[in-house]
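I have placed the structure first, in the form of structure tokens, so that the comments after it can refer back to it.
The values are calculated or read from the model by the stated rules, or taken from the named source; none is laboratory data. The structure displayed is predicted, hence computed values, not measured ones. Cβ coordinates were reconstructed from backbone atoms using ideal geometry, including for glycine residues, and neighbour counts include every protein chain displayed. Side chains included, ligands, DNA and RNA excluded: accessible areas come from the protein's heavy atoms. Shrake-Rupley method; radii C 1.70, N 1.55, O 1.52, S 1.80 Å.
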Amino acid sequence: MRTFKGGIFPPEHKELSQGKKITKVFPASKMFYVPVTMGGAPNVPIVEVGQKVSRGQVIAKSEAFVSASVHSPVSGTVKKIVSNLSTANAEVPCIVIQADDEDRVEFMPPLDPFSCSGEEALSRVKDAGICGMGGASFPTHVKLNPPKDCKIDFILLNAAECEPYLTVDEQTLDETPEKVMDGLLIVQRIVALCNGREANAINVRIVLESNKAHLVPKLEGVAKKVRDEKGVSIEVILVKTKYPQGAEKDIITAATGREVPAGKLPANSGCIVCNVGTVCAISEAFREGKPLIERAFTVSGLGVKEPKNLIAPIGTLVSDLIGGEIEIQENVAKILSGGPMMGFSMQSAAFPILKGTSGVLFLTKDEIDATETSACVGCGKCVDVCPMRLTPVMIIRSVKTDSLKDAKKYGLMDCIECGSCAYVCPATVRLVQIIRLGKNAERARLAAEKARAAVQPLQAK
């Protein structure tokens, strides 16, 4: 079975929401808290309080290339622009929109993805505000236009969905395989145009974990139809069910046998990796002119009376769905935005659904580890499971002693924060949190150096 070195095998808990059809929901409050920035450079609002907006209208954007515009998810009125709780418990600027019943729509005109130019295609992806929907939220138009010295050989659909509990990607593949395939072929053509290659020279691989083997016949049927009609090389491959199989670097290794060099991007290994939700959004942007204004996500955990897969407008507060579409138990001990391994523990449910929100979990005490942290014993288990082949124990020792130079030597900036090391640590050391502190300290140091370098020429005058 194709896989990568290291990794862990946490309980999956996918049976809670597996097979549950994706259901559209709309909060009874009709209020939406849309973060001004969701991926890339910071945006600025281009609407004012009191202004009427249409569904799909741009409400925040940046002139920076690495940015993702934000659109109104509904037809309504801008009530205020305030800071609100968001993922990672950060307070971020949000445009608050109250929906009306007029259903004004401001989509882009449909665009044929197989006759337009590469520039037009990239502009469409950018104008639609599409970003990675697996959690990182990196602007997709940047990913699809790799450096000219990177020869792209593979387009990989990341359908691993390795996080426990989450099933929304699996359900999307089951319900709309044709839309997924359409988005993949559009991605293939865009990358080919930008990379100076023939589209048929770039292999497309749909990568599933083995726990989704039941989807293979359906996906193979759609792939065969495309192969017969267009002569495109499309494969459906299974990889081992292991966490974090869905991490970009790990899925590249498992699916192609290639490795991404330290400090480099997937394009440097000849691969472009896209999430299931992202390729569906790309298909809609071309076929319907629809920006990224809603997304599907899993609601699960033993703290939910009925786990399910939902699709909601971006900016929907989770708290506004509780008591309606989401019914929770009295014994909820923790709320997570995302999966249990890389998601964020939230202080309340009053946070909005973002472009990168793959799940919302309501966990009970039986599902969380409340063990107190003790001293590291130097057992090395974290080294054995690290999928990036780093030495987490040495990284955290260096961070704790403010030796950032040594921490970087041991792989501080190459850590993907998957949490595998913390999962196996017998002392329950919060390794990921310590590594994040180290990364923040290093970024602050680099920013200070850059500021000093900018000031020196002025001081010389």
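Give the residues of the stretch 331-352 that are part of a loop (DSSP other than H, G, I, E, B) and more than 15 Å from the chain's Cα centre (by Cα), sorted by residue number. Result: 331, 347, 348, 349, 350, 351.
Apart from one condition, residue 421 fits all of (1) modelled with pLDDT under 95; (2) open to solvent by less than 60 Å² (accessible area, probe 1.4 Å); (3) in contact with a Cys (Cβ under 7 Å, 6 or more places away or on another chain); the exception is (1). Please verify whether the stretch 201-220 includes one or more residues that are of a type in the set (Ser, Thr, Tyr) and out of contact with any Ser or Thr (no Cβ under 6 Å at 6 or more places or on another chain). The answer is no; no qualifying residue exists.
Among the candidates 187, 142, single out the residue that is touching a helix residue (DSSP H, G or I) at 6+ places or on another chain (Cβ under 8 Å) and either of a type outside the set (A, V, I, L, M, F, W, C) or assigned to a helix (DSSP H, G or I) (or both). Going through 187, 142 in turn, the sole match is 187. In the stretch 267-296, the qualifying residues are those that are touching an Asp or Glu at 6+ places or on another chain (Cβ under 6 Å) and surrounded by fewer than 22 Cβ atoms within 10 Å (Cβ to Cβ), and the one that is farthest from residue 208 (Cα to Cα) is 290. Put simply, of 300, 358 the only residue that is touching a residue at least 60 places away in the same chain (Cβ under 8 Å) and in contact with a His (Cβ under 9 Å, 6 or more places away or on another chain) is 300.
Identify all residues within the stretch 187-225 that are among the aliphatic types (A, V, I, L, M), open to solvent by less than 10 Å² (accessible area, probe 1.4 Å) and within 30 Å of residue 164 (Cα to Cα); write none if there are none. Reasoning before the result, please.
Here is the first cut: in the stretch 187-225, the residues among the aliphatic types (A, V, I, L, M) are 187, 190-193, 199, 201-202, 204, 206-208, 213, 215-216, 219, 222-223.
Checking the rest, the ones that are also open to solvent by less than 10 Å² (accessible area, probe 1.4 Å) come to 187, 190-192, 202, 204, 206-208, 215, 219, 223.
Those that are among the aliphatic types (A, V, I, L, M), open to solvent by less than 10 Å² (accessible area, probe 1.4 Å) and within 30 Å of residue 164 (Cα to Cα): 187, 204, 206, 207, 208, 215, 219, 223.
In the set 126, 80, only one residue is closer than 29 Å to residue 184 by Cβ and open to solvent by 40 Å² or more (accessible area, probe 1.4 Å); that residue is 126. Checked against the criterion of being among the aliphatic types (A, V, I, L, M), surrounded by 15 or more Cβ atoms within 10 Å (Cβ to Cβ) and in contact with a Cys (Cβ under 6 Å, 6 or more places away or on another chain), the candidates 60, 68 yield just one match: 68. Residues in the stretch 226-250 that are assigned to a loop (DSSP other than H, G, I, E, B), modelled with pLDDT of 95 or more and open to solvent by 40 Å² or more (accessible area, probe 1.4 Å): 240 only.
Taking the stretch 292-351 as the range and being among the β-branched types (Val, Ile, Thr) and modelled with pLDDT under 95 as the test, no residue passes.
Taking the conditions exactly as written (open to solvent by less than 50 Å² (accessible area, probe 1.4 Å), at pLDDT 95 or above and under 16 Å from residue 55 (Cβ atoms)), does residue 74 satisfy them or not? For residue 74, the condition - open to solvent by less than 50 Å² (accessible area, probe 1.4 Å), at pLDDT 95 or above and under 16 Å from residue 55 (Cβ atoms) - is met. Taken over the stretch 388-420, the criterion of being in a loop (DSSP other than H, G, I, E, B) and in contact with a strand residue (DSSP E or B) (Cβ under 9 Å, 6 or more places away or on another chain) is satisfied by 418, 419.
Among the residues in the stretch 153-166, are any assigned to a loop (DSSP other than H, G, I, E, B), in contact with a helix residue (DSSP H, G or I) (Cβ under 6 Å, 6 or more places away or on another chain), surrounded by 22 or more Cβ atoms within 10 Å (Cβ to Cβ) and of a type in the set (D, E, K, R)? Yes; the residues of the stretch 153-166 include at least one that is assigned to a loop (DSSP other than H, G, I, E, B), in contact with a helix residue (DSSP H, G or I) (Cβ under 6 Å, 6 or more places away or on another chain), surrounded by 22 or more Cβ atoms within 10 Å (Cβ to Cβ) and of a type in the set (D, E, K, R).
The set of residues from the stretch 139-152 being open to solvent by 20 Å² or more (accessible area, probe 1.4 Å) and either in contact with a Phe, Trp or Tyr (Cβ under 9 Å, 6 or more places away or on another chain) or aliphatic (A, V, I, L, M) (or both) comprises just one member, 142. If you go through the stretch 425-456 and keep only what is open to solvent by less than 80 Å² (accessible area, probe 1.4 Å), in a helix (DSSP H, G or I) and hydrophobic (A, V, I, L, M, F, W, C), you end up with 431, 432, 434, 435, 441, 444, 447, 448, 451, 453, 454, 455. Considering only residues of the stretch 1-49 that are part of a loop (DSSP other than H, G, I, E, B) and β-branched (Val, Ile, Thr), which is surrounded by the fewest Cβ atoms within 10 Å (Cβ to Cβ)? Filtering the stretch 1-49 for residues that are part of a loop (DSSP other than H, G, I, E, B) and β-branched (Val, Ile, Thr), the one surrounded by the fewest Cβ atoms within 10 Å (Cβ to Cβ) comes out as 49. Being in contact with a His (Cβ under 7 Å, 6 or more places away or on another chain) and closer than 30 Å to residue 150 by Cα, is that true of even one residue in the stretch 279-291? Yes, some residue in the stretch 279-291 is in contact with a His (Cβ under 7 Å, 6 or more places away or on another chain) and closer than 30 Å to residue 150 by Cα. Of the numbered criteria (1) at pLDDT 95 or above; (2) part of a helix (DSSP H, G or I), the one residue 208 fails is (2).
The residues of the stretch 251-285 that are more than 18 Å from residue 132 (Cβ to Cβ) and in a helix (DSSP H, G or I), listed by number, are 253, 254, 256.
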